[in-house]
Each structure stands twice: as C-alpha cells, then as structure tokens.
Amino acid sequence: MRGIHNGAKLFVVDPRQTSSARWADGWLGLDVGSDIALANAVGREILAAGLENREFVARATDGFEEYRAAVEPYTLEYAEKTTLVPAHLIRELAHAYANAPRAELCWTLGITEHHNAVDNVRALINLALLCGHVGRYGSGVNPLRGQNNVQGGGDMGAIPNKFPGGQDAEDPAALAKFEAAWNATLPRKRGWHLSDMFAAMERSELDTLYVIGENPAQSEADQKHANELLRGLRHLIVQDIFLTKTGELAEVVFPASASWCESEGTVTSSERRVQLCRKALEPPGEARDDIAIMCELARRLGYDWPDYTPEQVWNECRSLSPWHAGMSYARLDELDGIPWPCYDEQHPGERFLHARLWENPVGGQRAPFAAVAHDPPVEALDDEYPLRLTTGRRLDSFNTGVQSGGYRSPMRRGERLDISPQDARNHGLREGDRARVSSRRGSVVVPIHIDAGLRAGLVFTTFHFNDEVATNLLTIDATDPQSGTAEFKACAVRVEAICHPSTGSG
Amino acid sequence: MSAEKLALTIDGIEVTVAAGATILDAVTQAGIETPTLCFLQSLTPVNACRVCVVELEGARVLVPACARRAEAGMKINTNSERVRHSRKMVLEFLASTVDISTAPALQEYCAEYGAQPQRYGPKPATVAQPVKIDNALYVRDYAKCILCYKCVEACGTDAQNTFAIAVAGRGFDARISTEYDVPLPDSACVYCGNCIGVCPTGALMFSSEYELRASNQWNETEQKQTDTICSYCGVGCTLTLHVQENEIVKVTSPIENAVTSGHLCIKGRFGFSYVQNRPEEGDDVSA
C-alpha cells in the first residue's frame, strides 16, 4: 500500500473483486482457469506494440522465436472471449507492465492450484523475460507463500527432488556429499510428492505413512476418496499439535509442541528470509519438540542419536547448504533474518535473484521461454453442473481452521457460499438461505452469501469450517503432473435452494 | 533523505544531519531525550500533542520537534524555561482530563516536568465516557484517550488503509469514533490491532490484558517477552509474545523490524489462542 500511495500502479487479476482490486488501477476479473490465455495475450500485445526488451531477450534468453509463434494466436479479441476480460484492460495492463521501469509479478494459489499449475507459472515468467523485469531490484516474479515456512520446507529438502539448499537429489555430486556427511546410502532416484503418495496408496505401493504437521484428511481435494486411501493404510503415524481428523485415523500419534512458540528453530518467508523462532511457552502435557520426537524415534529404530538442539541441526544444514552457510543463529538474531543465498558470515544475503542475467556475458545458463497453451479446467461446465466453484481463504481464518478456529474472531461468519446477485435471483436464494451444493464427487449444505464482487456463473467458498461444511468433498483431485498440486480453484457444481429460514440470515 | 548535510546547534551542541531530517532527529543525534506522545517513526507526524516543542532562536512560537524539518544554522533550545513551562502545561491539561493510569510514559513526563493536574480543581472537565466492549479481542476505553491520532493514522494510510476510525466532534468534544459511532463489528474494522500497537495510553487494550487488570492479575514485572515469527502466512512478521504464567497475554511487534515495521494482521495479533486453549476451559477448539 505504501507503494500505491507513492504512485505505483497496481493491476489485480482475480476472478473475484477482492479488497486489493478496489485499490487497483485495473481489475481484470478473468474467468477461472484462463490465466494462460490472458498472459499470452499480454505477451502478444507487448510484441505487437514493439514494447519488448529486445536487448535483454537477445542477451539472456532462449526460445524467443518459439514463444513469439506460440502467442501469435492470442489476439486481444480471442483473449476477451476466452478470459471474459475486456480487451482494452488487457491492452492497458500489457502497456503498463512493459513500459514500467521496474515491475513485479506476484501470485499465489490462484495460479498454482490448477491442473496446469506449472504452465501457468511459466506463462508469467515469459512476460518477465520478455520485458527484462527480472534480476533487478524492484522487479521479478514472486510467489507469495501462504504459510510461514512453505519456502523453508522446500529449501530444507522437504520436497522429493531436492536436498537442503536447492541441491538436486539425483545429482551424483550432491548425493556423494550428503552420503558422506550422513554416513548412509541414499536412494538414487527422487521420491514422491504428496499427490504421488496418494496415487501410490491407490496402487497399494504405499502402506505406511508418517504425517508431520499436516491434515490431509481434511485438506486434500476429493476428501471422500482421500479418506478411503488413508483408512486403507497398514500403518499411519501422525505428529501434530492437535488430534486432527487425520490423527483420529492414525495407529500412533506423537503429540508435538508448537514450532513457533513452544520450541526454537528457523522458518523462511516469501522473500527467502530465514528467521528465528524462539520458545516462549512450555508445551502442554506430553507434547515434545519435533526434533526430540525424531531423535527418540531414531533411537527406537536402533540408531545412536543424541538429543540434538535446533541450533546443532541448523549448523549441520549450514555445513551442507552453501545458500545457508553464512547464517549463524547470532547473525539471524542480529539482522532480523537473512535472505538466502548467504555464502559466508560476511555476506549480507541477496535481496533479489537472477542478477546473473544482466552480467556481461550472462553468467550460467540463459533463461528459457516456455511456449504454453491455454488449457481450461479439467471439469467443464454443463447443464447438470453449470456453476464454477473456486475455493480460497478469508482474512481471519487459516486453511482447515485447526489453528484459526481457536480464537474468537469478530469477523467470523462460519462457512458460506458466496454467489453473484444474478445467480442468487435465478435460484430463488436470499442472503442466509441454506443451499445444497453438489459436484460429481459429493454434496454439502451451506448458507448463502450474496457477493456483488462475483460475476454470474462463479461461486466461492473456503475450507476453514470442515466440521460444518466439508468443502473438499466437492473439489476435484485433478493434479498438475509436474507440481502435484490439485485443481482446488476450479470444479463444476450446481446449487439448489433447500429452505428459506423465516428469520432471515443463518 | 538526500546526501546533503545540514549543521545546526542543539543546546549548544553542533550536530550535522542529512537534509530532510527533523529537529527531533537532530535532538536525538545530540544525545538529548525529548518527550513525545503523538510521534512514532512509522507514522506521519500530526503535531497533535505539542509535548515535543522546542525553542527555535528567532521564531515567535515554540516549534514541534517531531515535524519541523531541520535547517542549516538553526539554534535550538530543548530545555529553556519557556519549553519546560509549555510542556508542563500540556501535560497538566492531559493528566487532568484523561485517565493516565495505564500510560507509564505520560506519568514519567508528568513527574519530570512537575506537572500538577490537581491545579485544575477537584472535578475538572474530563473526556470520560463508558468503556466500549463490543468484541472479544480488544477494548476501547476512551476515558484514557489523549487524541494523539496515532490509531487513526495506523488504521489509515500509514499502515492498514482500512479507515474504520476517525476523529469525530470538535474542540473538547473531539473523540475517536467509528462511522456513526457503530460498534466495531458493524464497522470497517479488520481487527489488525495496529491501533493497539501504537496507542501510548492503554486506551486501546487487548481483552486479555483488560480482563487480567480488572481481576487484579495483570503482572507486568513477571511477564517475559519473547520475539518469534508468526505461524500463519509467508510474510514473516516478528511477534513479541508477552507471556505471564505460561500464557500469552498480549502480542506486539517491534517497530524497528525490517519486515513490517511493527504492523500485524488479525491472525498474527490475536490468532495465538490455539496453543493455549485447553478443552476443559470450554473453548471451541474443534473448528
């Protein structure tokens, strides 16, 4: 907001007219799942107007001609028809982005919770490459993280294809380094991500699961199916601060302390800033620190592990991950955290990445364009399921509500289905009426909230109140083959009025 | 601030500051402490409280140090009789009309400047009004409000951009209000609590603090403050947890922090209860 008050331009691309949209110079209320059509049209318009950064494209990128050919069909007229965004707004965005001395593209799950998530991201990266809006202060591409350690989890190797510090899990040199440090033989091949694991359960290739700090029984798309698979496991261990719905399915539950206030450690924010969490409270009952639980488990499995402190674990990470080498606890404390990469104890941490693309000559590989095509949501609308359901979050709540359900938010209204005034009229629905919402996978009953910020044909809800409304009974588990993310943002539903409470709102 | 440097004299001490710096910056650089109430480095100066006034040689009136830009050759006196007299009067006006029982800085200034609010009689006019308790998260006791405007600024363009509150009324009747004085749940408030974070007098207070104070259990000397990182989103706000008897009783955020300058959202400020709700207390932890 400080930037906007200083005169920065803001364009908001979102199917819903959010509060951010109200501050924007332009709100592009696109149809759910038409992000690539929009991005390619913006790219084509930039090229048509000759606004691309030719020097940057020539010196630092690959695949430009293929990209130009791929976006050629995405005229403003085509884009208006496909995205439902007026052509003049797309043109305005294209020109503002290309002409800006510095411009940033930020996104969150609206881009990534689709069956073609990675292509969506690539379509945006293409725009940054086209205009040279990358590798310089104030520019860049920036996925905004939804949890305090989404970035850190990946950076620490809690993804199947990486070791800590972004080192490839199939790279022989990296394998040799970690095998030497850990005195262990490591798998040659990358592992499974969450969606792969569910697929493996389906094939009965995975029968034992150790879940730490996640509630897949409620957070997975197509919840009924996900629960059947979890129930079918031979052995399920859940380590969490609460007895979650997933925990209720488990053979063994390890009560854990809350990582941000009952134990210490590091998390990494959206800006790659590694920050220290410190212990402020004694955990309740038998709850223990995650590291203590894992060390105890290792001992029970026959390994001679002492109880490592979080700082010892961190220092081991620093010894193996060049990105984190310079981040001692003392420096993290002193500097309010440090953004990686930070190679030694004199290094301040990089404020932005990819500056190499502006070096002469370009340091390392050139940045590739990716020719990607519009591919609508897996589930098309039809007469039986004519409305597009998109899911998301509300300000005062968080994911399945396990945490945010614990405080008395005056803004909390319980679960609601937001619907456009026109669709509400067509269905004979008034504010607060209860309606049955059905998809091909399940149905839920939910009170109606009429939202003038939604276009006809679009309905919105969250999954914060799973015990009242199990929204993920509706969602589809069509997943992106590269990232494994499910298409939480787009499924087809129908809405039916079931009663009109005489007292009005529910 | 530009690279240009300005030299000025504070209480006889030569200091050099960057162009654009305020007199307060120069005073601080000279190592002199100046009282402030409505000033905060993260907010736009509004010149509301007049407690930071200093004497500028050659100027007809005292000038507010927090807002007035330093100029080359200025000669400033921060501790003249005129300055001390003015500050004392300001503090007396505030202390006689406002309940300053939860405003330690204001109490200290009163002692330092020998303010005697009782000079205004046994029953001076006050800004007292009933305490507003209209939501579960925070309490508004405007009998403690000195109208420093900080909450309005934090709710507005300086931080939250929500504009749920403003100053209503004129003169002595001026007060902080939601639109048409509606209760907070009917207002635009999004419960970020950034107003509580900047309030210098305790007029805006966590419900947890208010209730502990009411039952005489608030024990600040026993409380421990620990900085950690919020558990919710990826912004990485630093939370200072104020803990008493192994319970978080209040959350603040350090104003000098590089990430969000002390500003938080509803989840960071108030969303901590889940770590200390115990089922036997009857709270809803099942959601």
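The values are calculated or read from the model by the stated rules, or taken from the named source; none is laboratory data. These figures come from a predicted structure and were not determined experimentally. Methodologically, a virtual Cβ is constructed for each residue, glycine included, from the backbone with ideal geometry; neighbour enumeration extends over all protein chains shown. Note: accessible area is taken over every heavy atom of the protein model, side chains too, but ligands, DNA and RNA are not part of it. Shrake-Rupley method; radii C 1.70, N 1.55, O 1.52, S 1.80 Å.
Using a 10 Å Cβ count of at most 15 others and DSSP loop calls, identify the longest part of chain A lacking such GluC sites (Glu not before Pro).
Within chain A, the longest run free of exposed GluC sites (Glu not before Pro) spans A:1-169.
So if a site counts as exposed when it's one of the trypsin sites (Lys or Arg not before Pro), its DSSP state isn't H, G, I, E or B, and it has at most 10 other Cβ atoms within 10 Å, what's the longest stretch of chain B without one? Result, exposed sites excluded: B:171-287. Dipole check for the protein assembly as shown: with +1 at the C-beta of Lys and Arg, -1 at the C-beta of Asp and Glu, and the Cα centre as origin, the magnitude is about 1920 Debye. Shown in residue order for segment A:47-54 are the 3J(HN,Hα) couplings computed by the Karplus curve 6.51 cos²θ - 1.76 cosθ + 1.60 at θ = phi - 60°: 5, 4, 8, x, 9, 5, 8, 4 Hz (x for Gly and Pro).
The chymotrypsin sites (Phe, Trp or Tyr not before Pro) of segment A:102-191 that DSSP puts in a loop, and whose beta carbon has at most 11 other beta carbons within 10 Å, are A:Y137. Between chain A and chain B, roughly 3700 Å² of accessible surface gets buried, counting both sides and using a 1.4 Å probe. B:K132: which lysines have alpha carbons under 16 Å from its alpha carbon, excluding same-chain residues fewer than 8 sequence positions away? Partners within reach: B:K144.
Each stretch of four or more DSSP H residues adds -39500 (n - 2.57); spread over every residue of chain A, this sum gives -8000 deg cm²/dmol at 222 nm. Build a GNM of chain B with springs between Cα atoms under 10 Å apart, and of B:C52, B:C151, B:C189 the one that fluctuates most is B:C189. Taking only complete DSSP H runs, can you tell me which helices of chain B stretch 15 Å or more along their own long axis by Cα positions and average at least -1.0 on the Kyte-Doolittle scale? Span-like helices here: B:81-97. In this structure the protein assembly as shown gives 46 Å² per residue of accessible area when probed at 1.4 Å with all protein chains present. Of all lysines in the structure, those lying under 21 Å Cα to Cα from A:K279, and not within fewer than 8 positions of it along the same chain, are B:K224, B:K250, B:K267.
Placing unit charges on the Cβ atoms of the charged side chains and taking the dipole of segment A:330-377 about its Cα centre, the candidate lying farthest along the positive direction among A:H354, A:L335, A:A371 is A:A371. Taking R0 as 51 Å, what's the FRET efficiency between A:A298 and B:E112 from their Cβ-Cβ distance, rounded to 0.05? Here the calculated transfer efficiency is 0.30. The residue list B:Y191, B:A154, B:V249 was ranked by how far each Cα lies along the charge dipole of segment B:138-276 toward its positive end, using unit charges on Cβ atoms, and B:A154 comes out on top. Between the residues A:S139, B:C38, A:A58, the greatest Cα displacement towards the positive end of the dipole of the protein assembly as shown, with unit charges on the Cβ of Lys, Arg, Asp and Glu, is found for B:C38. Placing +1 on the Cβ of every Lys and Arg and -1 on the Cβ of every Asp and Glu, with nothing else charged, gives segment A:68-133 a dipole about its Cα centre of roughly 160 debye.
Here A:K162 is the anchor, and the lysines within straight C-alpha reach of less than 25 Å, apart from those fewer than 8 places off in the same chain, are A:K177, A:K189. Net charge dipole, segment B:138-276: roughly 120 debye, given to the nearest 20, about the Cα centre with Cβ charges of +1 for Lys and Arg and -1 for Asp and Glu.
Comparing B:L24, B:L37, B:L212 in a Gaussian network model of chain B (Cα springs below 10 Å), the most mobile by mean-square fluctuation is B:L212.
Relative to the compact globular guide of 2.2 N^0.38 Å, what is the alpha carbon radius of gyration of segment A:235-378, as a ratio?
Computed over Cα atoms of segment A:235-378, the ratio equals 1.41.
Taking label positions 7 Å along the Cα-Cβ direction at both A:W192 and B:E71, the computed distance is 7.5 nm, reported to one decimal.
What the Cα convex hull of segment B:210-273 gives, in volume per residue, is 89 Å³. In the protein assembly as shown, the portion of solvent-accessible area held by carbon and sulfur atoms comes to 51 percent [1.4 Å probe, whole percent, DNA, RNA and ligands not counted]. Among the residues of A:268-281, the average count of other protein chain beta-carbon atoms within 10 Å of the residue beta-carbon is 6.
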